[in-house]
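Inspection log for the structure reproduced underneath, given as structure tokens.
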């Protein structure tokens, strides 16, 4: 077990990529903090983890709010004593043209998709620095952050921010032996952009097929 006795935190762990990462980490021996706003989804993932002998705990909160993040990180430390790995996975999309999106919708997409990674990175990174044993942070990005999507202006902007946030975090946290990297998938197993996906259209990658959530999890 590669992650035996390590403590991993996964946001947006109730479905798709986050779910597969949480289950994979548990299978590799990690104690997993499953974070999601949807209790029923998170409980289903926790059931799968415990059903295979894994160890985990459910934490419900809004990672776009600093107060929620601070409380959850404190609760995770109370439960497990430390944090070794953070996966910033949670995201939402707008699927809207710039002419149609409201200011409130823009703010919410940026808060959940980008601000959450800043807040989790800040609070968990500080905890890792205090532990003085290093750590690992993985931010889930998107190809939309590099190419932009014609029907998701806020999501594209947020994921572009994730790319540079990851670079800045890597530079700032390296002296604390904390590695920060990003995984950059393209519409893998997620409702984000699902309505834009044409199953009859050739997929422009070497595998000639869409990626699967498990494959993104294996990269983490």
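The values are calculated or read from the model by the stated rules, or taken from the named source; none is laboratory data. Only a predicted model underlies this, so the values are computations on that prediction, with no experimental measurement involved. In this analysis, Cβ positions are derived from the backbone assuming ideal geometry, glycine residues included, and neighbour counts consider all displayed protein chains.
Of all residues in the range 16-73, which are touching a helix residue (DSSP H, G or I) at 6+ places or on another chain (Cβ under 7 Å) and over 20 Å from residue 6 (Cβ atoms)?
Correct list: 16, 36, 60, 61, 62, 63, 64, 66, 69, 70.
Can you name every one of the helices (runs of 4 or more DSSP H) wholly within the range 112-185 that holds 1 or more residues which are modelled with pLDDT of 95 or more?
Values: elements: 116-131, 144-147, 153-173.
Where helices (runs of 4 or more DSSP H) fall fully within the range 112-185 and carry at least 1 residues being modelled with pLDDT of 95 or more, they are 116-131, 153-173.
If I ask for residues that are modelled with pLDDT of 95 or more and either assigned to a loop (DSSP other than H, G, I, E, B) or surrounded by fewer than 15 Cβ atoms within 10 Å (Cβ to Cβ) (or both), which ones from the range 15-36 would you list?
28, 29, 30
Restricting to the range 44-63, give me the number of residues that are under 17 Å from the mean Cα position of the chain (by Cα) and in a loop (DSSP other than H, G, I, E, B).
Number of matching residues: 3.
If I go through the range 133-158 residue by residue, how many of them are more than 21 Å from residue 85 (Cα to Cα) and in contact (Cβ under 8 Å) with a residue 60 or more places away in the chain? Outline the logic, then answer.
So the first thing to find is which residues in the range 133-158 are more than 21 Å from residue 85 (Cα to Cα), and the list is 143-158.
From what's left, in contact (Cβ under 8 Å) with a residue 60 or more places away in the chain: 154-155, 158.
The qualifying residues number 3.
When you scan the range 93-112, do you find a residue that is crowded, with 21+ Cβ neighbours inside 10 Å, in contact (Cβ under 8 Å) with a residue 12 or more places away in the chain, in contact with a strand residue (DSSP E or B) (Cβ under 9 Å, 6 or more places away or on another chain) and within 20 Å of residue 16 (Cα to Cα), even just one?
No: the range 93-112 contains no residue that is crowded, with 21+ Cβ neighbours inside 10 Å, in contact (Cβ under 8 Å) with a residue 12 or more places away in the chain, in contact with a strand residue (DSSP E or B) (Cβ under 9 Å, 6 or more places away or on another chain) and within 20 Å of residue 16 (Cα to Cα).
Could you check, for the range 64-85, whether at least one of its residues is at pLDDT 95 or above, in a loop (DSSP other than H, G, I, E, B), within 20 Å of residue 140 (Cα to Cα) and out of contact with any strand residue (DSSP E or B) (no Cβ under 9 Å at 6 or more places or on another chain)? Explain how you work it out, then say what you get.
Kept after step one, since they are at pLDDT 95 or above, are these residues of the range 64-85: 64-85.
Checking the rest, the ones that are also in a loop (DSSP other than H, G, I, E, B) come to 64-65, 81-84.
Remaining after also requiring within 20 Å of residue 140 (Cα to Cα): 64-65, 83-84.
Narrowing further to those that are out of contact with any strand residue (DSSP E or B) (no Cβ under 9 Å at 6 or more places or on another chain): 64-65.
Scanning the range 64-85, I find at least one residue that is at pLDDT 95 or above, in a loop (DSSP other than H, G, I, E, B), within 20 Å of residue 140 (Cα to Cα) and out of contact with any strand residue (DSSP E or B) (no Cβ under 9 Å at 6 or more places or on another chain), so the answer is yes.
Give the residues of the range 37-82 that are free of Cβ contacts under 8 Å to residues at least 24 places away in the same chain, surrounded by 14 or more Cβ atoms within 10 Å (Cβ to Cβ) and within 17 Å of residue 128 (Cβ to Cβ), sorted by residue number.
The one that is free of Cβ contacts under 8 Å to residues at least 24 places away in the same chain, surrounded by 14 or more Cβ atoms within 10 Å (Cβ to Cβ) and within 17 Å of residue 128 (Cβ to Cβ): 75.
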